[in-house]
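Chemist: Below: one structure in structure tokens.
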Amino acid sequence: MKKQLLFCLLLSSFAACTQENDVHPSPGTLAGEVSGAYRTNPFVNPSCVAIPASQMPVITLRPESDGVVSLVYAYQFPKPGSRQITGVQLSRRADSAVQLTHDNVVLGTVQTDRVFTNNGMEKQGKLLRVDAQDILPDVSYFAGVKE
């Protein structure tokens, strides 16, 4: 009986000492859910295949309020620069994607999907797709994975 008690005690102590990395609380707002940096790669956006990995474009979504973000598009190729759009409205669609809208023009979506990392490995992650040619002439199409 003592051996069984010691064994149970040992198992419970191991269980109590493990980290809880599997449990992530869901963000309280849409802006909190989508905010962060999204980097493209040739596996996600084949139009960037000729760009060196260190010069891939990045879009950063910065929260302004619960349902509003700023979109910052930073690029290194052909020359360094950035563009910013403030006041981008967020709304949840029926397919659970978050839609980005600015002045009644749909800029794109953020959704959980299968994505490819820089080395071509497939995983589950947040994928940002932006088609903002009317607002950002430099950005005809962008697809990026949340870092």
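The values are calculated or read from the model by the stated rules, or taken from the named source; none is laboratory data. What you see is a predicted model, and the numbers here were worked out from it, not measured in a lab. FYI the Cβ positions are ideal-geometry reconstructions off the backbone, even for glycines, and counts take in every protein chain you see.
Chemist: In the range 89-147, which residues are among the aliphatic types (A, V, I, L, M) and over 24 Å from Glu64 (Cβ atoms)?
Modeler: Of everything in the range 89-147, those that are among the aliphatic types (A, V, I, L, M) and over 24 Å from Glu64 (Cβ atoms) turn out to be Ala94, Val115, Met121.
Chemist: Suppose the filter is β-branched (Val, Ile, Thr), surrounded by 13 or more Cβ atoms within 10 Å (Cβ to Cβ), over 20 Å from Ala53 (Cβ atoms) and touching a residue at least 12 places away in the same chain (Cβ under 8 Å); does Val105 pass it?
Modeler: No; evaluated as a whole, the condition is false for this residue.
Chemist: Another question, if that's okay. Kindly provide the set of residues from the range 56-73 that are surrounded by 15 or more Cβ atoms within 10 Å (Cβ to Cβ), assigned to a strand (DSSP E or B) and among the small types (Gly, Ala, Ser), ordered by number.
Modeler: The answer is Ser70, and nothing else.
Chemist: Continuing with the same structure: Quick check on the range 108-147: of everything there that is closer than 16 Å to Pro57 by Cβ, at pLDDT 90 or above and touching a Phe, Trp or Tyr at 6+ places or on another chain (Cβ under 6 Å), which residue is surrounded by the most Cβ atoms within 10 Å (Cβ to Cβ)?
Modeler: Ranking the qualifying residues of the range 108-147, first place goes to Leu128.
Chemist: Hey, among the residues in the range 28-55 that are among the small types (Gly, Ala, Ser) and modelled with pLDDT of 90 or more, which one's surrounded by the fewest Cβ atoms within 10 Å (Cβ to Cβ)?
Modeler: Per the criteria, the residue is Gly32.
Chemist: Counting only residues that are touching a Ser or Thr at 6+ places or on another chain (Cβ under 6 Å) and either β-branched (Val, Ile, Thr) or in a loop (DSSP other than H, G, I, E, B) (or both), how many does the range 111-147 have?
Modeler: Number of matching residues: 1.
Chemist: Scan the range 122-139 residue by residue and report those that are of a type outside the set (D, E, K, R) and in contact (Cβ under 8 Å) with a residue 40 or more places away in the chain.
Modeler: Answer for the range 122-139, where residues must be of a type outside the set (D, E, K, R) and in contact (Cβ under 8 Å) with a residue 40 or more places away in the chain: Leu127, Leu128, Val130, Ala132, Ile135, Leu136, Val139.
Chemist: On the given criteria, is Gly108 part of a strand (DSSP E or B) and not hydroxyl-bearing (Ser, Thr, Tyr)?
Modeler: Values: part of a strand (DSSP E or B): yes; not hydroxyl-bearing (Ser, Thr, Tyr): yes.
Against the criterion (part of a strand (DSSP E or B) and not hydroxyl-bearing (Ser, Thr, Tyr)), Gly108 qualifies.
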